[in-house]
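Chemist: Pasting in a structure now, in structure tokens, and then I'll have a few things to ask.
The values are calculated or read from the model by the stated rules, or taken from the named source; none is laboratory data. Since this is a predicted model, take the numbers as computed values, not measurements. Because the Cβ atoms are built from the backbone with ideal geometry, glycine has one as well, and the counts that use them run over all protein chains shown. Surface areas here come from the heavy atoms of the whole protein model, side chains and all, with no ligands, DNA or RNA. Shrake-Rupley method; radii C 1.70, N 1.55, O 1.52, S 1.80 Å.
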Amino acid sequence: HPMKRLCTICARGGSKGLLDKNIRPIGGKPLIVHSLVQAQSSGLFEAVAVSSDSKEILSISEKAGVDYCVFRPQELASDQAPKLPAIEHCVNEVEKISGKNFDVIVDLDATSPLRLIEDIEGAVRLLEDENVSNVITGCPARRSPYFNLVERNEGGYVCLSKTPEKNIVRRQDSLECFDMNASIYVWKREVLMGSESIFNADTLLFVMPQERSIDVDSEWEFEYVEFLFNKRTSQ
């Protein structure tokens with residue numbers, strides 16, 4: 001039978017880095033609505049759910065036509081709370097309300113409006129074609145721990161983070177490294193439930209370009225994302 005997919009978008013109300021960032025407008029729409037609309041327009045999902053501890057975020061999502069609004073309990077919404085239990089809670093709630101069971105769970109980060117629908121399709125296809133536990137997204141890293149990423153030791157002196165087996169002279173020769181961009185996570189439902197790490201023995205990476213990988217955590221990133229977004233829509 002065709003895979004039943006649920007899309008979750010988990011967005012907290014408060015944010016230390018940037019106040020109310022999830023509902024700040026970009027291109028005339030609250031930030032979270034961009035991910036919501038992408039999920040709806042992709043045609044990939046049986047249902048789209050937003051999980052939040054903020055009534056305002058839930059009411060904005062409802063107006064934007066989300067299928068399920070899940071109120072997230074406080075203990076899953078603190079700054080320190082890991083994201084996995086919040087996603088699992090959202091899936092459980094939607095399955096309870098809808099009476100449906102899903103095969104594949106896709107979590108979209110509300111703060112990454114620059115991804116394209118093709119990115120979501122590509123990440124989902126990778127999981128389903130390769131039949132793996134989960135897929136994460138990332139972009140080629142600007143810095144390599146073998147080459148130009150350094151750390152300080154106790155004495156305050158710096159050294160390369162990672163020493164390669166053989167001496168690497170050119171950056172191109174080092175193992176390719178990626179920055180996780182947290183834009184899209186795809187899981188088989190049974191792997192996600194009760195899971196404590198996003199890394200499994202068979203986790204695959206779907207690669208996105210840097211210019212679609214910026215997520216909004218601070219004021220300058222917001223302005224940068226807004227600039228790129230407006231540039232894209234004016235072309």
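Chemist: For n ≥ 4 DSSP H runs only, could you compute -39500 (n - 2.57) per run for the chain, divide by its residues and tell me the 222 nm figure to the nearest 500?
Modeler: -9500 deg cm²/dmol
Chemist: How much area per residue is accessible in region 133-224 when the probe is 1.4 Å and only protein heavy atoms are counted (Å²)?
Modeler: So region 133-224 comes to 64 Å² accessible per residue, rounded to a whole number.
Chemist: Can you classify region 54-118 as rounded, prolate or oblate using the Cα gyration tensor, where a ≥ b ≥ c are the square roots of its eigenvalues, rounded means a/c under 1.5, and otherwise it's prolate if a/b beats b/c and oblate if not?
Modeler: It is rounded, given that a/c, with a ≥ b ≥ c, falls under 1.5.
Chemist: Which entries of LYS83/LYS231; LYS4/LYS96; LYS16/LYS55; LYS16/LYS188; LYS29/LYS188 show an alpha-carbon separation above 25 angstrom in the structure shown?
Modeler: With Cα atoms farther than 25 Å apart: LYS83/LYS231; LYS16/LYS188; LYS29/LYS188.
Chemist: Give the residue list of trypsin sites (Lys or Arg not before Pro) in region 1-58 that are DSSP loop and have at most 15 other beta-carbon atoms within 10 angstrom.
Modeler: Sparse-neighbourhood loop trypsin sites (Lys or Arg not before Pro): LYS4, LYS16.
Chemist: Continuing with this model, one more query. Summing Lys, Arg as +1 and Asp, Glu as -1, what charge do residues with Cβ under 10 Å from the Cβ of LEU44 carry, LEU44 excluded?
Modeler: With Lys, Arg at +1 and Asp, Glu at -1, the neighbours total 0.
Chemist: Quick one: if the Förster radius is 25 Å, what FRET efficiency do ASN230 and LYS83 give, using the C-beta to C-beta distance and rounding to 0.05?
Modeler: 0.30
Chemist: Answer rounded, prolate or oblate for region 1-144, using the Cα gyration tensor with square roots of eigenvalues a ≥ b ≥ c: rounded when a/c is under 1.5, else prolate when a/b is larger than b/c, else oblate.
Modeler: Verdict is rounded for region 1-144.
Chemist: Within the chain, what whole-number % of the accessible surface is contributed by carbon and sulfur, with the 1.4 Å probe and all protein chains included in the calculation?
Modeler: The computed percentage sits at 50.
Chemist: Can you run phi through the Karplus equation (6.51, -1.76, 1.60; θ = phi - 60°) for region 145-151 and list ³J(HN,Hα) in whole Hz, with x for Gly and Pro?
Modeler: The phi angles translate into x, 8, 10, 9, 10, 10, 10 Hz.
Chemist: Semi-axes of region 69-205's equivalent ellipsoid from the Cα gyration tensor, sqrt of 5 times each eigenvalue, largest first, rounded to whole Å?
Modeler: Its equivalent ellipsoid spans semi-axes of 35, 19, 14 Å.
Chemist: Still on this model: Mind checking the full-extension length gain between THR163 and ASN92? Use 0.36 nm per residue of separation minus the Cα-Cα distance, one decimal, nm.
Modeler: Between THR163 and ASN92, full extension yields an extra 21.2 nm.
Chemist: Contour minus end-to-end for CYS177 and LYS4, with contour as 0.36 nm per residue of separation and end-to-end as the Cα-Cα distance?
Modeler: Using 0.36 nm per residue and subtracting the Cα-Cα distance, I get 59.0 nm.
Chemist: Under a Cβ-Cβ cut-off of 11 Å, what is the net charge of the residues other than ASP20 that fall near it, where Lys and Arg count +1 and Asp and Glu count -1?
Modeler: +2
Chemist: Quick one: net charge around ASN230, please, counting Lys, Arg +1 and Asp, Glu -1 for every other residue with C-beta under 13 Å from its C-beta.
Modeler: Neighbourhood net charge equals +1.
Chemist: Work out which GluC sites (Glu not before Pro) in the chain are exposed loop sites (DSSP not H, G, I, E or B, at most 13 other Cβ within 10 Å) and give the longest gap free of them.
Modeler: So the longest stretch without any such site is 1-153.
Chemist: While we're on this one: Rounded, prolate or oblate: which fits region 5-53, taking a ≥ b ≥ c as square roots of the Cα gyration tensor eigenvalues, rounded meaning a/c under 1.5, else prolate when a/b beats b/c?
Modeler: Cα axes put region 5-53 in the oblate bin.
Chemist: So if a site counts as exposed when it's one of the chymotrypsin sites (Phe, Trp or Tyr not before Pro), its DSSP state isn't H, G, I, E or B, and it has at most 11 other Cβ atoms within 10 Å, what's the longest stretch of the chain without one?
Modeler: Free of exposed loop sites, the longest segment is 1-156.
Chemist: OK, next. Which parts of region 112-144 would a label at ASP103 reach, counting a residue when its backbone N lies under 17 Å from a point 7 Å out along Cα-to-Cβ?
Modeler: Only 121-135 fall inside the zone, counting backbone N under 17 Å.
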